[in-house]
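Shown next, in structure tokens, is the structure this report addresses.
The values are calculated or read from the model by the stated rules, or taken from the named source; none is laboratory data. Small disclaimer: the values here were computed from a predicted structure and weren't measured. Cβ placement follows ideal geometry from the backbone for every residue including glycine, while neighbour counts extend to all protein chains displayed.
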């Protein structure tokens, strides 16, 4: 059976489609196009595309490439976001706002992501690669049972809650870049008084593992050196969680580091301070340009900031 002739006057391009096969895009070009689509749109389209595209979008390598592209240098600071949580409401509120708005004279109202209604005990443990590790307490048999979960505010994905099995006093969340695993570190305190140092690796076949005891505590009458804060700071690219060690409220002595790849501890000495530096507030660990940094207020009028240009090398502390 012959096909009907194409009417005169139709574009020559349409005439060609009856005899020539449609163009085929290279897989590399398809991947490059998909990498430019916002994450929220990809999630909505994932179940509406062909199986090969769905497999590509769902792969861990695609997620890494998409994140890397999203984190590319942006001079206007329109894309980087800061996550926050607030306790000034009946329920904790989690939201995000752009870095650019911080530098504006009248910052934009933060965009509320979710209020987590019904969860009065929600806390943020840490963040890494766009994922937030959250902690809440589920009421069971009249008691509050601590749990942890991963949440992607961009896609709305939430992992299955992880039962912690006790109160945790020291904790941190980060990424093991060698084994491609997200890890939660906690010191679990039991009612019996026992404590356990554990790491949980998120994934389909993950379980708790007990590791070497944490060398310091928040409050230890038998040790002059203690942790300044319970939460460890993750420094991307180093695969480490970091805590500030101090001998008093105004005297910090070193950084305690946990390598999430080797699961071992080490200490990093801090830059020396002027003898007349009088600290008014607690010093803080932070990240600056992807590097570990420490900052503190002095003399009621100044902030001092040090940045470790080469992680683990004390001689690389500089004023940025």
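Pick out, from region 1-94, the helices (runs of 4 or more DSSP H) lying fully within it that include 3 or more residues that are at pLDDT 75 or above and closer than 30 Å to residue 122 by Cα.
Output list reads 39-45, 60-70.
Name the single residue, out of those in region 298-320 being without any contact (Cβ under 8 Å) to a residue 40 or more places away in the chain and in a strand (DSSP E or B), that is nearest to residue 287 (Cα to Cα). First the steps, then the outcome.
Of all residues in region 298-320, those without any contact (Cβ under 8 Å) to a residue 40 or more places away in the chain come to 298-307, 309-310, 313, 315-316, 318-320.
Still in the running and in a strand (DSSP E or B): 298, 302-307, 318.
On the way: 298: 20, 302: 19, 303: 16, 304: 14, 305: 11, 306: 10, 307: 8, 318: 13 Å.
Taking the candidates together, the pick is 307.
Each row is one residue, and each column tells you yes or no for (1) in the same structural domain as residue 260 (by TED's automatic domain parsing); (2) under 30 Å from residue 45 (Cα atoms); (3) at pLDDT 85 or above.
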| position | (1), (2), (3) |
| --- | --- |
| 153 | yes, yes, no |
| 159 | yes, yes, no |
| 165 | yes, no, no |
| 183 | yes, yes, yes |
| 186 | yes, no, yes |
| 193 | yes, no, no |
| 203 | yes, yes, no |
| 213 | yes, no, yes |
| 218 | yes, no, no |
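Restricting attention to region 254-274, does a residue exist that is touching a strand residue (DSSP E or B) at 6+ places or on another chain (Cβ under 6 Å), modelled with pLDDT under 80 and buried (at least 17 other Cβ atoms within 10 Å of the Cβ)?
No.
Sort out which residues of region 290-315 are under 25 Å from the mean Cα position of the chain (by Cα) and at pLDDT 90 or above, and write them in order of number.
291, 292, 293, 294, 306, 307, 308, 309, 310, 311, 312, 313 - these are the residues of region 290-315 that are under 25 Å from the mean Cα position of the chain (by Cα) and at pLDDT 90 or above.
For a quick check of your reading of the model, give me the residue pairs whose first member lies in region 47-72 and is over 20 Å from residue 180 (Cα atoms), whose second is in a loop (DSSP other than H, G, I, E, B), with beta-carbon atoms closer than 9 Å and at least 6 apart or on different chains.
72/79
Run residue 154 past the list (1) part of a strand (DSSP E or B); (2) in contact with a helix residue (DSSP H, G or I) (Cβ under 6 Å, 6 or more places away or on another chain) and report the number of the one that doesn't hold.
(1)
Quick check on this structure: which one of 268, 187, 199 is part of a strand (DSSP E or B) and either touching a helix residue (DSSP H, G or I) at 6+ places or on another chain (Cβ under 9 Å) or at positive phi (or both)?
Residue meeting the stated conditions: 268.
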